[in-house]
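Beneath this line is the structure, given in structure tokens, with notes to follow.
Quick note: the coordinates plus some simple rules give every number you see, no bench work behind them. On a predicted model such as this, the values are computed, not experimentally measured, just so you know. All Cβ positions, even for glycine, are placed from backbone atoms using ideal geometry, and neighbour counts span all protein chains on display.
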Amino acid sequence: MAKVTLDAYDPKGRLIAKCSANDYAHALLMSLHGEGSTIRIKNQIVWLEGADGEGANSYDYCTEICFNRYNAVK
């Protein structure tokens, strides 16, 4: 997997953390901060907690969706 930073934002749009795809922290943070939280790659929203599911239900699924969406518009 390419070294891309996944940025986790709370529902109010505040940056929570910059995460590596390898540690899955981005998916866990979505569940901790709840519906409306987002994951962004280079300012592109690639996951919306609630609408896309719950990140902590499957870290691999969450990460796969993020990179599929990012790569689709690259």
Quiz item: Got a sec to turn the phi values of the stretch 4-19 into Karplus ³J(HN,Hα) couplings, 6.51 cos²θ - 1.76 cosθ + 1.60 with θ = phi - 60°, whole Hz, x for Gly and Pro?
Solution: 10, 8, 9, 9, 9, 10, 7, x, 8, x, 8, 5, 9, 6, 9, 10
Quiz prompt | Ordering of 13-21, 26-34 by burial proxy (mean other Cβ atoms within 10 Å per residue, highest first) | solution = 26-34, 13-21
Quiz item: To the nearest µm²/s, what D does Stokes-Einstein give for the stretch 5-73 at 4 °C and 1.567 mPa s, using the Kirkwood radius over alpha carbon pairs as Rh?
Solution: 115 µm²/s
Quiz prompt | Length-normalised contact order for the chain - Cα pairs under 8 Å, 6+ apart - percent | solution = 26 percent
Quiz prompt | Tilt relative to the chain, helix 59-73 - C-alpha long axis, 0 to 90 degrees, to 10 | solution = 60 degrees
Practice problem: Before rounding to the nearest 500, sum -39500 (n - 2.57) across all DSSP H runs of length at least 4 in the chain and divide by the residue total; then give [θ] at 222 nm in deg cm²/dmol. | Solution: -10000 deg cm²/dmol
